[in-house]
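The values are calculated or read from the model by the stated rules, or taken from the named source; none is laboratory data. Predicted, not measured: the structure shown is a model, and the values here were computed from it. Here Cβ is always computed from backbone atoms with ideal geometry, including for glycine, and neighbour counts include all displayed protein chains.
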């Protein structure tokens, strides 16, 4: 018994068709999964695009904030430089005023650290109060005399002199 060649060929084609149907079924499942993943991927791409836009807006705002902060830093550095200059100038003026006060004390004869009018008590003799009052009243006059000897007075020295005169 010989099997006809056409029958062998038909069986071979049938087996190939069964294998192909199984492969098509598996491929159909994978394509369905891919379609679902494609929708999720599109949603993910849209959300990624929105996040990118928000990040770009944030970088623009951040750059604007950096510009504002740099302007403020420049202003602060300028103010710092002005304050350093004023402090140095104030120190120089304070030194000059201190020297002026020392000169005035030396000319009047008042020693630093002596009692002032406020520290005297009622128990001390009236004579020391009067001598202290006369010394404090003569200090502005002595300071004015010391400065009127041809020395140039600065604005701070003039203000000190006015303050001493108004205190007496």
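Restricting attention to segment 88-109, does a residue exist that is under 30 Å from residue 164 (Cβ atoms), in contact with a helix residue (DSSP H, G or I) (Cβ under 6 Å, 6 or more places away or on another chain) and without any contact (Cβ under 8 Å) to a residue 40 or more places away in the chain?
Yes: one or more hits.
Quick grid of which residues meet (1) closer than 26 Å to residue 155 by Cα; (2) at pLDDT 90 or above; (3) not in a helix (DSSP H, G or I):
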position	(1), (2), (3)
69	no, yes, no
86	yes, yes, no
95	yes, yes, no
102	yes, no, no
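Run residue 4 past the list (1) surrounded by fewer than 10 Cβ atoms within 10 Å (Cβ to Cβ); (2) in contact with a helix residue (DSSP H, G or I) (Cβ under 6 Å, 6 or more places away or on another chain) and report the number of the one that doesn't hold.
Of the numbered conditions (1) surrounded by fewer than 10 Cβ atoms within 10 Å (Cβ to Cβ); (2) in contact with a helix residue (DSSP H, G or I) (Cβ under 6 Å, 6 or more places away or on another chain), the odd one out for residue 4 is (2).
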